[in-house]
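Right, one structure below, let's go through it.
No value in this document is a laboratory result; all are computed from the given coordinates. Not measured: the values here are computed from a predicted model. Because the Cβ atoms are built from the backbone with ideal geometry, glycine has one as well, and the counts that use them run over all protein chains shown.
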Amino acid sequence: MDINIPTDVLRTFVAIADTGSFTHAASQVFRTQSAVSQQVSKLEQTVGRSLFSREGRSVKLTSDGDEFIGYARRILKLHDEAVSVFTEPHLEGLVRFGIPDDYVEAYLPRILSSSAEAFPRVQFEIECQSSDDLVKEFNKERLDILLITHRTGFPKGESVSRQSVVWIASPTHFVHEEDPLPVALFESTCPVRQAVLEKLDKMGRNYRLAYSSPNHAGLTAAVKAGLAVTALARCTVPAGLRELTPEEGFPLLPASQLNLLHRGNKDQVVSRVADHILDCFNNGTIPN
């Protein structure tokens, strides 16, 4: 069978499938939107199947596209692994990575997937704690790379994202109308907690701290049950909860800044992995 599908075409196909948009995929693969459209058209002609269905400005995989995506991912994974092994055969070791549990679902799968493709021989140890505890471990040299919410007193690191912080409630309860307002918040050192309480005090809104937890799941459980409202970075809000608006009496909150910290100056493996993660944020491979 005299058919060849270039890996750059497969990479474009996967990017479109992941983002649901030709425009967003174009920025990830550093091509114009018209060039991406041409690649897809040529790919569909090559395989003789329609791989995407257009729905307004978004695109979705057809049944054939859904089947083809598995092959594309496996081919790219093997390709990238081979390139990495032969271009950086020495790069192996352990990276101790810390991230707060509320950002795990939003960022960790992409970070691990991309890093595994680039550095298949590097082993990761994952630590999920509060930003405060992670920084303490980092300062004791027990962690190598952190993705944390920045605050005064922390090592500076490099900014990778600014996240809107939003008020959240259950869509099927009216807890946000209660007086006093029951709130669920992270531990006392959390800057979001401090911002929420300052806003409520400034508004003169009666409230009570109904639930406190160091864990994202603990807070959202109370909110899902309709027992309290909370405030979270928008990218960490679970499906099924809704944002409360200023028109409902919930004013805008300060954004959270995510920083990447690493001690790569002491370890080549840590330095290369940290640089790779930063590149992924900068080029949109990891949405920020």
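Near residue 184, once Lys and Arg are set to +1 and Asp and Glu to -1 for all other residues with Cβ below 14 Å from its Cβ, the sum equals 0. For the peptides 192-204, 17-29, the ranking by packing is 17-29, 192-204, with the highest mean count of neighbouring Cβ atoms within 10 Å listed first. I'd like the distance between the alpha-carbon centres of segment 155-225 and segment 50-66, rounded to an integer number of Å. Segment 155-225 and segment 50-66 have Cα centres separated by 38 Å. Checking the cross-link pairs 77/140; 42/77; 156/199; 136/199; 77/136 against a 31 Å limit on the alpha carbon distance flags 77/140; 77/136 as lying beyond it. Looking at the chain, the DSSP beta bridges with both ends there are about 60 percent antiparallel.
Its relative contact order, with pairs defined as Cα atoms under 8 Å and 6+ residues apart, puts the chain at 19 percent. The value of relative contact order for segment 165-253, using C-alpha pairs under 8 Å at least six residues apart, is 47 percent. Output the 0 to 90 degree angle, nearest 10, between the alpha-carbon long axis of helix 191-203 and the longest principal axis computed from the alpha carbons of the chain. Compared with the principal axis, the helix lies near 50 degrees. According to the Kirkwood relation over distinct C-alpha pairs, the hydrodynamic radius of the chain is 21.4 Å.
Translational diffusion of segment 165-253, estimated by Stokes-Einstein from the Kirkwood radius over alpha carbon pairs at 20 °C in a medium of 1.002 mPa s, is 169 µm² per second. Residues whose amide H lies under 5 Å from that of residue 127, counting only those 5 or more places away or on a different chain, are 97, 98, 99; hydrogens are built 1.01 Å from N in the peptide plane.
Add +1 for every Lys or Arg and -1 for every Asp or Glu among the other residues with Cβ under 11 Å from the Cβ of residue 51, and state the total.
In short, -2.
Neighbours of residue 209, meaning other residues whose beta-carbon lies under 12 angstrom from its beta-carbon, give a summed charge of +1 when Lys and Arg score +1 and Asp and Glu score -1. In segment 165-253, taking the dipole from charged Cβ atoms about the Cα centre, the farthest positive-side position among 174, 227, 213 is held by 213.
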